[in-house]
Each structure stands twice: as structure tokens, then as C-alpha cells.
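A short reminder: the numbers here are calculations on the coordinates, not readings from a lab. Keep in mind that this is a model prediction, so the values were computed, not measured. We place every Cβ from the backbone using ideal geometry, glycine too, and count neighbours over all the protein chains shown.
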Amino acid sequence: MAFVISAYLIAIVLFGGYALTLAARRRLIAELSDAARPSPDP
Amino acid sequence: MRLLLTLSLALMLTGLTWALALAPTEAIQGPPQRIMYLHVPAVITAYAALAVVCVASLLFLWRRDPRWDRLALAAAELAVLFITMTLVTGALWGRPVWGTWWTWDARLTTTLILWFIYVGYLVVRAWAPGERGARAAAVIGVIGILDVPLIHWSVILLRTLHPQPTVFRPEGPALPVSMLIPLAINAAAFLTLFLTLLTLRVRQERTLARLVEILEGGA
């Protein structure tokens, strides 16, 4: 059963890793959105 | 989008419970055979992702529309994810059943080649951004899928340690219904998860492209 549990844990790690890359890109998009926003008039 | 994610998670939970607790234990292999409920859906989803890469790459090469390129890139990333899962779960299944994590068997080797092809696709995208990299990657995306029939026929034409197809065969699946149902649920779960992640990733690429356009235009 250890092999079965390991397989399911590895699947969770792989999906989790991919979700982290999505989250990192989301942060990048938020930063770029801030940079792209026109600065307020002085 | 939220509906797709909810559906995928519900199917995943049902499939996982069915595979681990309700499906019968295979008489010869014992519990390790339950890895099949991850391994087979992962390979089915990887093939679906590769089909998307191929079609989107062809359309990009033909139309030069960046929307097709973004779809191909998103699908290629997911294809690598699911091929990796196929290889890792295969090794974890092979160790208790064959007595080895890995063997240079035709099925395993052609699958490893497939993984390298699509990792190569992502490397090209990372090293050569822009139109030139996109075109080179699209060519890899189209040619790479030619490895899939080789993988399929490797166990039929050659003598391999990997078993012959038990689900997709002309005379119908060789599995009992009690195993086919959880397998189908898990395959549906993986495919809906693939669609969810693909939609998310394509949206991100579209937003990033717009932002880069705005920033470069303003510079």
C-alpha cells in the first residue's frame, strides 16, 4: 500500500507545484498591472 | 470556470475514494494495481493535451495568430505535467510488480522520449521568446505528437515488460466493470482539471501579453 500512497502523494505534489507557478504568475500580473497604471496627475 | 473547477474536484474526490476504498483488489498484483487509477487517467490527459498542442501549433503556423500560440504553450506545460505523472506513477507501479523502478523497455523509453520532446518545447520557449521561439516551438509541437503512435504500438509490435493495452483495444476493454467505472471517473476528473488549468493559464498569458504591450507602448 506504501507504493499506492506514494503515487497519490506525488500526484498531489505535482498538481500543487503547478498551482504554485500559477500563483506566481498571478503575482507578476498584479505587479505589471500596477506598473502599467497611469500615474496620477501632480 | 468555477463550475468546471468544482466539477473536477467533485469527480476527483469520488474517483479517489472509489479507487482506494471501493474498487476490488486485483488478484495477482494486489494493492499496487490501484496505481492504475492515476497512471491511466494521467496518460489519457497527457494525450489530450498533446492533441491540443498539435492543433493549436498547426493553426499558429498557418494563421500566425498569437492566440493559438498561447493555447499551445499552456497545453504543452500541462502535457509535461501529465507525462511526468505518468512516468512517476509507472515507476511506483513497476517497482512492486516488475521488481524494478525503470527498464529500457520500448513503451517506457518512447514515453521518456515524449517527455524530453515537450520539455524541449518549453526550453525553446524560455530561451527564445517572441515570434521566432514561438514558431520553432510550434514545429516541435506538431512533430512531437508522432511519438504517440510509437508509444501505442510499442507494446503490440515489440516484446516488452509493459502490458498490452487493457482499455483502448479493438475488442473492447479487458477490465471488469467494477474497475472500469472508477477508472472512467478518474479520467473524467483529470480531463476536467486539465480544461480548468488550461483555461486559467491561457487567460494569464492573454493578460500578460496585453500588459507587456501597454508597458512597451508607454516606454
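Going by the conditions given, is B:Thr111 surrounded by 19 or more Cβ atoms within 10 Å (Cβ to Cβ), touching a helix residue (DSSP H, G or I) at 6+ places or on another chain (Cβ under 8 Å) and over 23 Å from B:Trp68 (Cβ atoms)? Working first, answer last.
On the way: surrounded by 19 or more Cβ atoms within 10 Å (Cβ to Cβ): yes; touching a helix residue (DSSP H, G or I) at 6+ places or on another chain (Cβ under 8 Å): yes; over 23 Å from B:Trp68 (Cβ atoms): yes.
Considered against the rule, which asks whether it is surrounded by 19 or more Cβ atoms within 10 Å (Cβ to Cβ), touching a helix residue (DSSP H, G or I) at 6+ places or on another chain (Cβ under 8 Å) and over 23 Å from B:Trp68 (Cβ atoms), B:Thr111 comes out as yes.
Restricting attention to the stretch B:199-219, which residues are over 12 Å from B:Arg67 (Cα atoms), touching a residue at least 12 places away in the same chain (Cβ under 8 Å) and more than 10 Å from chain A (Cβ to nearest Cβ)?
B:Thr199
Can you spot a residue in the stretch B:36-44 that is assigned to a helix (DSSP H, G or I) and more than 18 Å from the chain's Cα centre (by Cα)?
Within the stretch B:36-44, the first condition is being assigned to a helix (DSSP H, G or I), and the residues that meet it are B:36-44.
Restricting the remaining residues to those that are more than 18 Å from the chain's Cα centre (by Cα) gives none.
No, there is no match, as no residue in the stretch B:36-44 is assigned to a helix (DSSP H, G or I) and more than 18 Å from the chain's Cα centre (by Cα).
Only one of B:Ala10, B:Ala23, B:Ala27, B:Ala19 is within 24 Å of B:Thr84 (Cα to Cα) and away from chain A (no Cβ under 11 Å). Can you tell me which?
Numbers: B:Ala23 fails: within 24 Å of B:Thr84 (Cα to Cα); B:Ala27 fails: within 24 Å of B:Thr84 (Cα to Cα); B:Ala19 fails: away from chain A (no Cβ under 11 Å).
Among B:Ala10, B:Ala23, B:Ala27, B:Ala19, only B:Ala10 is within 24 Å of B:Thr84 (Cα to Cα) and away from chain A (no Cβ under 11 Å).
In the stretch B:173-180, is there at least one residue being under 26 Å from B:Pro24 (Cβ atoms), surrounded by fewer than 15 Cβ atoms within 10 Å (Cβ to Cβ), under 19 Å from the mean Cα position of the chain (by Cα) and among the polar types (S, T, N, Q)?
Looking only at the stretch B:173-180, we keep the residues that are under 26 Å from B:Pro24 (Cβ atoms), and these are B:173-180.
When the remaining residues are screened for being surrounded by fewer than 15 Cβ atoms within 10 Å (Cβ to Cβ), the result is B:174, B:176-178.
When the remaining residues are screened for being under 19 Å from the mean Cα position of the chain (by Cα), the result is none.
Among the residues of the stretch B:173-180, not one is under 26 Å from B:Pro24 (Cβ atoms), surrounded by fewer than 15 Cβ atoms within 10 Å (Cβ to Cβ), under 19 Å from the mean Cα position of the chain (by Cα) and among the polar types (S, T, N, Q), which makes the answer no.
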